[in-house]
Amino acid sequence: MKNVLHGLFNGKIIPWERQSPRSAEQLEILKKVEIEERYFIQKMSLDDSSRFEELSALHLQLIAFEEDDIFSYGFTMGMLLMMNVMAEAETICN
């Protein structure tokens, strides 16, 4: 098992660039979303289409902030859990 801290420090582990494997269900939903977006963009005026694309970009930015917060929260909770485990281990070992 590789050392996670060294991987993070040396840039071999980059959490924000992870590629999560997609299930068949996720791929099907993604395909449906793309089809619906294309449908609405074709129905819109050029100006509305541009605004819709800008809106989509803003949604992606918000999602990135939320993922950052979730990662930070999850990491912190994991560390707090480990601190509790280590405290219990000391009690058991002593």
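The values are calculated or read from the model by the stated rules, or taken from the named source; none is laboratory data. None of these values were measured; they are calculated from a predicted model. Every residue, glycine among them, receives a Cβ derived from its backbone with ideal geometry; neighbour counts consider all protein chains shown. For the accessible areas, the whole protein counts, side chains as well, though only heavy atoms, and no ligand, DNA or RNA atoms are used. Shrake-Rupley method; radii C 1.70, N 1.55, O 1.52, S 1.80 Å.
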- prompt: Can you give the charge dipole size of the chain about its Cα centre, rounded to the nearest 20 debye, using +1 on the beta carbon of Lys and Arg and -1 on the beta carbon of Asp and Glu?
  reply: 400
field: Proportion of all alpha-carbon pairs of the chain beyond 20 Å (%)
entry: 65
query: Does anyone have the angle between helix 24-43 and the longest principal axis of the chain? Alpha-carbon axes, 0 to 90°, nearest 10?
result: 30
- request: Using only Cα atoms, locate the centre of the stretch 62-94 and the centre of the stretch 38-59, then give the distance between them in Å, rounded to an integer.
  value: 40
- request: With a 1.4 Å probe and every protein chain left in place, tell me how much accessible area Val85 has, in Å² to the nearest 10.
  value: 70
message: Which of rounded, prolate or oblate describes the stretch 3-46 when judged by the alpha-carbon gyration tensor and an a/c cut-off of 1.5?
response: oblate
statement: The longest stretch of the chain containing none of the trypsin sites (Lys or Arg not before Pro) that sit in a DSSP loop with at most 14 other Cβ atoms within 10 Å is 23-94
- line: Taking the chain and counting helices only, DSSP H stretches of n ≥ 4 at -39,500 (n - 2.57) each over all residues, the nearest-500 ellipticity at 222 nm comes to -28000 deg cm²/dmol
